1. What is the angle, in °, between the Cα long axis of helix 132-147 and the longest principal axis of the Cα atoms in the chain? Nearest 10 is fine, range 0 to 90.
2. Once you put a point 7 Å from the Cα of Leu181 and another 7 Å from the Cα of Leu256, both along the Cβ direction, what distance in nm separates them?
3. Plugging the Kirkwood radius over Cα pairs into Stokes-Einstein for the chain, at a temperature of 4 °C and a viscosity of 1.567 mPa s, what D comes out in µm²/s?
4. What is the spread of the Cα atoms of region 100-200 along each of their three principal axes, largest first, in whole Å?
5. Which distance in Å, rounded to a whole number, links the C-alpha centroids of region 19-59 and region 151-169?
6. Where does the chain land at 222 nm, in deg cm²/dmol rounded to the nearest 500, when only DSSP H runs of n ≥ 4 count, each adding -39500 (n - 2.57), divided by all residues?
7. With a 10 Å radius around each residue's Cβ, average the other Cβ atoms per peptide and rank 39-48, 115-124, 186-195, highest first.
8. Once all Cα-Cα distances of region 185-239 are split into 5 Å bins that start at 0, what whole-number percent is in each one?
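Here, each number is a calculation from the coordinates, and none is a lab measurement. This is a predicted model, so every value here is computed, not measured. When we count neighbours, we look across all protein chains shown, and the Cβ atoms used for this are built from the backbone with ideal geometry, even at glycine.
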Amino acid sequence: PSALREVLIEVPNVRWDDIGGLENVKQELKEAVEWPLKYPKAFQRLGITPPKGILLYGPPGTGKTLLAKAVANESEANFIGIRGPEVLSKWVGESEKRIREIFRKARQAAPTVVFIDEVDSIAPMRGGEGDRVTDRLINQLLTEMDGIEENSGVVVIAATNRPDILDPALLRPGRFDRLILVPAPDEKARLEILKVHTRRVPLASDVSLQELAKKTEGYSGADLAALVREAAFVALRRAVSITSRDLVEDQAEEFLEKLKVSKGDF
Ligand code: ATP
């Protein structure tokens, strides 16, 4: 059934502004992906060859998927996102077929950003066991990468938490030859991420995002997003339990007015 699953073309709505911190990474992606997709003629004229493949690596939950979606959106490109494990099939030939289909769709819909999350699961280091399914998959992926023509408007971004176990053939020139580290957020980046995630959350005046950023050493972007979500729920429960006794329809405005996330909710 996996071969029958449609390859979905998306138009993501993530903007650069939705990503906290990672300023250098954003800049690098603008130059390596956004500019070539938006101004192919300028690149041609100057004889600059943009990368076909970019590998984002770093710890989980740091925004790799978000970055790939943002760069597609900001480049006015289509987006095809797949996770490595979902390509794996026990049926002979199915996985390769799916990879071919993904790239066929990508060319058809160009400009397209193809995003392969958890790429290590389809392209781990070869040898030893001689896993032939993996061999064929890697070869199919390499064939597709090699077949991407310059200025065809197809860019592949892959992501992994385990760059150390990737097949080195993937990292050769003309393939995933641009490696970009997506690091865990430092205090400043955590503050930026908290700002993004509280943009539409009413905060009581006792909440200090600076203080929260300081206290959340070791949190990833995904952890921080979850923290804000949970705090909002705590606020909701508190407000509902306080007001439900005397809440009547015409007090709804007043109720909403009081509904704020306070320091103690985090
Ligand atoms: P994984 O390695 O687990 O696939 P990832 O690096 O691809 O993770 P994302 O899926 O991009 O991480 O992030 C998960 C969620 O965490 C995002 O949807 C977002 O809500 C939040 N998040 C992570 N990093 C950031 C960031 N830098 N700014 C804002 N939100 C972030």
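1. 90
2. 4.7
3. Estimated diffusion coefficient is 63 µm²/s.
4. 47, 37, 23
5. Between the Cα centres of region 19-59 and region 151-169 lies a distance of 14 Å.
6. Rounded to the nearest 500, the figure is -12500 deg cm²/dmol.
7. Taking the mean over residues of other Cβ atoms within 10 Å, the ranking is 115-124, 186-195, 39-48.
8. 4, 21, 33, 25, 13, 4, 1
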